[in-house]
Amino acid sequence: MEQQNKIRVGIFGGSGYGGSELLRILLFHPDVELVFVTANEQAGKSIGEVHRNLNGLTQLAFVKSPEELDGIDCVFLALPHGQAMEVIPRLPGDLKAIDLSGDFRLRDQSVFEKHYKQPHTAWSAQAEFVYGLTETNREAIRQARLIANPGCFATATVLGLAPLVANGLISGRVVVDAKTGSSGSGAKAAANTHHPQRMNSFYAYKPFTHQHVPEIEQELEHVGDWTSELVFMTHSLPVARGIFASIYAEAKSEISEADLRKLFADYYRESFFVRLVDGSPDINWVKTTNFCDIGFAVRGRQIVIFSAIDNLVKGAAGQAVQNMNLMFDLDEKTGLLLPGTNP
């Protein structure tokens, strides 16, 4: 793109971890001009003052709200659950928007209100939202105006299961044992995410009730004939970033690891950001990147899929930018060739 044709972008909610990652990516996206970033408590402060890793990289400061939205091509909403539904109805009808919260992911209002424990005040807008798991919904995303960016656990889980579901290979119950780093709890400290509590701790939370469960099942039904019982358990890891999911399933007949790898390779042949690894992936390999690393183990009909992502990148901001690229007819890798670090 020429300079004058850059995508003019705004961010609602740039002071948290998701907003910080959007800034880290979008400030260096070759086809983006970042116009405004909002924040409530941090309004008036420079981005570099709030996000010290970005100090010296931009002159932008946080604002309470944008002066106007005329001339803006796309906005990202990195707001707490429940706030995007207040913003979306006020946006111009031709403005593209990508919501990183859970406000518009679920297609059943009663299910949303049960799992997010709040009324939905903008349900009439939900029908226009397209679910933004890039690898399973690419063509719909290209045509979309409004995107509901997936949850981090949902991203890791559905990417691990989609090839099996699409090919009708699963028999019976599926068990997902998923673990996440503390950044998934947000930038504001809480008793269970405070570093002295978290650093030497390990515990399960929201058993059978996590809000990503209906989202996972909804998307698997979109991918293929999903009729299995899902047992989904989340755990808190003593690390800052990363999600690791161990997904246990049983195939309808015996399958070799080589055949399983070929199945995944075929399904993700057009998906640059899904990498198949030998044995188990490691969250260190995907931290700060937009990759999802997937590994396998097989014993007869028993299958375990290992899936690892950075919850803030492929699980949030990176996937949001990947979706923006598709919406504006760019190569989906643009601005997202983010290598990890070693160590």
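The values are calculated or read from the model by the stated rules, or taken from the named source; none is laboratory data. Just so it is clear, the model here is predicted, and its values are computed rather than measured. Virtual Cβ from ideal backbone geometry, glycine too; neighbours counted across all protein chains shown. Note: areas computed on protein heavy atoms with side chains; ligands, DNA, RNA excluded. Shrake-Rupley method; radii C 1.70, N 1.55, O 1.52, S 1.80 Å.
Quick one: dipole size for segment 59-208, taken about the Cα centre, charges +1 on Lys/Arg Cβ and -1 on Asp/Glu Cβ, in debye to the nearest 20.
Dipole of segment 59-208, to the nearest 20 debye: 660 debye.
What ratio of Cα Rg to 2.2 N^0.38 Å holds for segment 197-320?
Numbers: Rg = 15.3 Å, N = 124, 2.2 N^0.38 = 13.7 Å.
For segment 197-320, the normalised Cα radius of gyration is 1.11.
Tell me the Kirkwood hydrodynamic radius of segment 122-249 in angstroms, computed as one over the mean inverse distance between distinct C-alpha pairs. Before the final figure, lay out the partial values.
On the way: mean 1/r = 0.0627 Å⁻¹.
Kirkwood hydrodynamic radius for segment 122-249: 16.0 Å.
Please report how far the C-alpha centroid of segment 11-34 lies from that of segment 255-278, rounded to the nearest whole angstrom.
Value for the Cα centre distance between the two parts: 31 Å.
Taking the Cα centre of segment 215-265 as origin, sum charge times position over the Cβ atoms of Lys and Arg (+1) and Asp and Glu (-1), and report the length of that vector in debye to the nearest 20. Let's see the in-between values first.
Numbers: 4 positive and 10 negative charges, 74 e Å.
Around 360 debye, computed over segment 215-265.
Could you state the angle between the C-alpha long axis of helix 318-327 and the longest principal axis of the C-alpha atoms of the chain, as a value from 0 to 90 degrees rounded to the nearest 10?
The helix 318-327 is inclined about 80 degrees to the chain.
List the residues whose amide H sits under 5 Å from the amide H of I147, counting only those 5 or more places along or on another chain, with H placed 1.01 Å from N in the peptide plane.
A97, I98, D99, V130
Give the angle, between 0 and 90 degrees and rounded to the nearest 10, that separates the Cα long axis of helix 212-223 from the longest principal axis of the Cα atoms of the chain.
70 degrees
Taking just the alpha-carbon atoms of the chain, what radius of gyration and Dmax come out, in angstrom?
Rg, Dmax (Cα atoms, Å): 19.6, 61.
Taking 0.36 nm per intervening residue step and subtracting the Cα-Cα distance, what contour gain separates R261 from E33 on full extension? Present the calculation step by step, with values, prior to reporting the outcome.
Working: separation 228, 0.36 × 228 = 82.08 nm, distance 4.02 nm.
This chain segment gains 78.1 nm when fully extended.
What's the angle, to the nearest 10 degrees (0 to 90), between helix 134-143's Cα axis and the longest principal axis of the chain?
The angle comes out near 40 degrees.
Lysine pairs, Cα distance under 15 Å, 8 or more residues apart or cross-chain: how many in the chain?
Details: K6/K96; K45/K64; K114/K206; K117/K206; K179/K206; K179/K287; K287/K314; K314/K333.
Here the count comes out as 8.
Summarise the accessible area of the chain (1.4 Å probe, protein heavy atoms) by the percent that is carbon and sulfur. Mind dumping the intermediate values first?
Details: 7330 of 15130 Å².
Percent of accessible area from carbon and sulfur atoms in the chain: 48.
Specify the residue with the greatest mean-square fluctuation among T134, T38, T58, computed from a Gaussian network of the chain linking alpha-carbon atoms under 10 Å apart.
Checking each option, the largest mean-square fluctuation is seen for T58.
Would you calculate the separation in nanometres between label points at N40 and R142, each defined as 7 Å from the Cα along the Cα-to-beta-carbon direction?
Placing both labels 7 Å beyond Cα along the Cβ direction yields 4.0 nm.
Evaluate E = 1/(1 + (r/R0)^6) for S253 and K333, where r is the Cβ-Cβ distance and R0 equals 22 Å; express this FRET efficiency to the nearest 0.05. Walk me through the numbers before you get to the answer.
Working: r = 37 Å, r/R0 = 1.67.
Efficiency at R0 = 22 Å is approximately 0.05.
Given the rule -39500 (n - 2.57) for each run of at least 4 DSSP H residues, summed and divided by the residues of the chain, what is its mean residue ellipticity at 222 nm, to the nearest 500 deg cm²/dmol?
Taking each H run of at least 4 residues, the total per residue is -7500 deg cm²/dmol.
E113 to K6: FRET efficiency via 1/(1 + (r/R0)^6), r the Cβ-Cβ distance, R0 45 Å, to the nearest 0.05? Provide the component values of the computation, followed by the final result.
Numbers: r = 39 Å, r/R0 = 0.87.
For E113 and K6, the calculated efficiency is 0.70.
Would you calculate the separation in nanometres between label points at K206 and S280, each defined as 7 Å from the Cα along the Cα-to-beta-carbon direction?
2.4 nm
Let me spell out the model: positive unit charges on the Cβ of Lys and Arg, negative unit charges on the Cβ of Asp and Glu, origin at the Cα centre of the chain. What dipole size does that give, in debye rounded to 20? Walk me through the numbers on the way to the answer.
Working: 31 positive and 39 negative charges, 188 e Å.
Roughly 900 debye for the chain.
So, by mean Cβ neighbours within 10 angstrom, what's the order for 162-172, 15-25 with the highest one leading? Write out the running numbers ahead of the final one.
On the way: 162-172: 18.5, 15-25: 24.6.
So the order, starting with the most tightly packed, is 15-25, 162-172.
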